[in-house]
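Shown next, in structure tokens, is the structure this report addresses.
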Amino acid sequence: MFKADVLSIGAHAGDAEIASGIALANAVNSGKKVAMCHLTLGEKGNPNMNPQKYAELKHEEAVAAAETLGAQLYILGYLDGELPENDDVKKAIADVIRDCKPEVIITHHAKSIHKDHVACHRNVLDAIFYAALKGFETDREPHFARLLYFAENWEDKEDFVPEVILEVTDADIKLWKQTAQCYSLFRGEVVNFPYIEYYEKLARLRGIENYLPYAVAFEMPPSARKQRLTSLW
Ligand SMILES: [Zn+2]
């Protein structure tokens with residue numbers, strides 16, 4: 001049975017790969033097992049293709065990206081732009097968490113210019129609770145994912161605090177680029193935003209700020225900031 005070390009959950013196919021992909025590549029290159037879960041395919045994001053056709057393409061691209069990265073893939077199939085925040089979504093995500101049993105979960109930061117990203121963030125918080133709750137019975141065993149991180153994403157910038165810094169390498173960036181390039185969106189064939197250039201330069205910027213060649217930044221949930229000490233030094 002597959003057991004993940006890290007599960008990245010994104011609102012749209014491509015979010016996990018683009019915003020947390022360098023960290024996922026770092027995990028893969030460190031011998032860890034990685035899973036990704038896309039809540040929607042992001043099928044309404046192509047001005048030159050109808051959503052049905054783009055959904056088929058995004059599905060193929062998501063499978064290719066997961067294979068390139070070496071990740072287990074879950075696609076939940078909610079509608080792009082219409083991702084609800086409700087118990088149906090929370091329980092579906094909880095099932096994914098119980099299925100792959102990650103130590104670490106990565107998802108969107110709380111604030112975003114995209115409503116699906118905000119809904120994803122809120123759904124994931126409660127899904128972690130459901131997944132761990134013994135009284136919530138499904139055909140899978142309960143699982144508590146110990147660590148939660150919010151990825152740095154150009155759409156989720158408001159109030160994002162880059163407080164956890166992960167050093168990454170050239171090899172991580174190389175594997176991430178190969179993964180991201182599976183999507184026509186990230187190859188620049190759908191919209192003008194230079195995704196790969198942006199995230200590569202952001203990794204260099206976070207590296208420079210932290211005296212490292214390359215790094216990626218995360219924010220923690222407020223509850224994770226509490227520290228229990230026996231001494232102040
Ligand atoms: Zn998105």
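Some observations on this one:
- Computed FRET value (nearest 0.05) for residue 48 with residue 208, which takes r as the C-beta separation and R₀ as 35 Å: 0.40
- Using C-alpha pairs below 8 Å separated by at least 6 residues, the relative contact order for the range 6-225 is 24 percent.
- The shape of the range 26-181 comes out rounded: with a ≥ b ≥ c from the C-alpha gyration tensor, a/c is under 1.5.
- Derived scalar couplings between HN and Hα for the range 200-214 equal 5, 5, 5, 5, 5, 4, 4, x, 4, 4, 10, 6, 10, x, 9 Hz in order, rounded to whole Hz, by the Karplus curve 6.51 cos²θ - 1.76 cosθ + 1.60 (θ = phi - 60°), x for Gly and Pro.
- Computed from the C-beta positions of residue 113 and residue 139, the FRET efficiency with R₀ = 45 Å rounds to 0.75.
- Under the Karplus curve 6.51 cos²θ - 1.76 cosθ + 1.60, θ = phi - 60°, whole-Hz ³J(HN,Hα) for the range 32-41, x wherever Gly or Pro sits: 8, 9, 10, 10, 10, 10, 9, 6, 9, 7
- Size of charge dipole - the chain - debye, nearest 20, with Cβ of Lys, Arg +1 and Asp, Glu -1, no other charges: 600 debye
- Put in line by how crowded their Cβ is, counting other Cβ atoms within 10 Å and starting with the fewest, 36, 220 read 220, 36.
- Charge dipole (the chain, unit charges on Cβ, about Cα centre) - positive-most of 229, 110, 40: 229
- The alpha carbon convex hull volume per residue for the range 66-125 rounds to 106 Å³.
- Stretch gain in nm, segment residue 86-residue 154, where the contour uses 0.36 nm per residue and the Cα spacing is subtracted: 21.9 nm
- Förster radius 25 Å - calculated FRET efficiency between residue 187 and residue 76 (Cβ-Cβ, nearest 0.05): 0.50
- Peptides 206-212, 100-106, 193-199 ranked from most to least packed, by the mean per-residue count of other Cβ atoms within 10 Å: 100-106, 193-199, 206-212.
- Cα Rg over Rh - the range 158-211, Kirkwood: 1.02
- Chain lengthening between residue 163 and residue 228 when straightened (0.36 nm per residue, less Cα-Cα): 21.6 nm
Only the coordinates and a few stated rules stand behind these numbers; no lab work does. Every value quoted in this text rests on a predicted model; they were computed, and no experiment measured them. Backbone-built Cβ (ideal geometry, glycine too); neighbour counts: all protein chains shown.
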